[in-house]
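The values are calculated or read from the model by the stated rules, or taken from the named source; none is laboratory data. Quick caveat: nothing in here was measured; it's all calculated off a predicted structure. Ideal geometry is used to build each Cβ from the backbone, glycine not excepted, and the neighbour counts take in all protein chains shown. Areas reflect the complete protein model, heavy atoms only, side chains present, ligands, DNA and RNA absent. Shrake-Rupley method; radii C 1.70, N 1.55, O 1.52, S 1.80 Å.
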Amino acid sequence: MPQVGQGILKGMGVTIRHLFQNKITRQYPEYKRDLPERSRGMLTVDMDRCIACLQCMRICPDHCISIEQEKRDADGSGKAKPYAVGFVIDDSRCMYCSLCVEVCPVNCIYHTEEFEAQAYNRLELARQFGERPVDPTIDPKPAVKKKPKVAKKAPKKEAAA
Ligand code: SF4
Ligand code: SF4
C-alpha cells in the first residue's frame, strides 16, 4: 500500500511541475508548422503544359498515374499532337518518390505542400486532372508494356548420323 501512495505522489509531482512550464503541445490541425523547404506533398499537374508524353506514367513504380491520350490540334497549329484528355493520380498508392517529377520534360507535374490525404474510400484518393475522368482501378502499366521479344528459334537438331 505505501508503494501505491508513492506512485500517486510521484505522478502528481510531474503533473504539477508541467502546470508551470511553457506549453509544448501544438494543436494540430489548427496549428500547422512550416514544412521543410524540400518536403514532398501531394502531386499536382499543370494540364495546360502537359504534352502527354506518358513518361510519368511509365516510370511510376506504384502504377499511380493513368493518362488517357488522344491526338488533338490543341494549339491551333493545324497539326494534331498527343493530348492528355484524362489524367488521374491515385494518392492511395503514391509513395512520394518523385520519379515522375524528375522525368517530366516540361516540369508540369510537381509536389505541393498539401499532405493530408485521407478518405473513407480509397477511390476518393484518386484525383482527376483531365477533362475526361479515367478509371483509377485499371492498371496503366500493361497498356504501355513493350512487346515481348520473340523467342529465338531453337537450333535444328543435327541429323542423326
Ligand atoms: S511520386 Fe513516385 S509513386 Fe508517386 S506518382 Fe510519382 S512516381 Fe508514382
Ligand atoms: S511526364 Fe509531364 S508532360 Fe509527360 S505526361 Fe507526365 S505530366 Fe505530362
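List of remarks:
- Qualifying position, being touching a residue at least 12 places away in the same chain (Cβ under 8 Å) and either out of contact with any Pro (no Cβ under 9 Å at 6 or more places or on another chain) or away from ligand 2 (no atom under 16 Å from the Cβ) (or both), among Leu9, Leu43, Leu54, Leu19: Leu43
- Output for segment 27-52, where each listed residue is surrounded by 10 or more Cβ atoms within 10 Å (Cβ to Cβ) and either of a type in the set (Gly, Ala, Ser) or in a loop (DSSP other than H, G, I, E, B) (or both): Lys32, Leu35, Ser39, Arg40, Gly41, Met42, Asp46, Met47, Arg49, Cys50, Ile51, Ala52
- Filtered residues of segment 53-112 (kept if in a strand (DSSP E or B), within 15 Å of ligand 1 (Cβ to nearest atom) and either more than 18 Å from Glu131 (Cα to Cα) or open to solvent by 60 Å² or more (accessible area, probe 1.4 Å) (or both)): Tyr110, His111
- Residue ID - nearest to ligand 1 (Cβ to nearest atom), chosen from residues in segment 12-26 that are part of a loop (DSSP other than H, G, I, E, B) and open to solvent by 100 Å² or more (accessible area, probe 1.4 Å): Arg26
- Pairs linking a residue in segment 90-113 that is of a type in the set (A, V, I, L, M) to a residue that is outside any loop (DSSP other than H, G, I, E, B) and open to solvent by 70 Å² or more (accessible area, probe 1.4 Å), with Cβ atoms under 6 Å and 6 or more positions apart or on different chains, are Val101/Tyr110; Val103/Gln55.
- The number of residues in segment 113-124 that are away from ligand 1 (no atom under 16 Å from the Cβ) and part of a helix (DSSP H, G or I) comes to 2.
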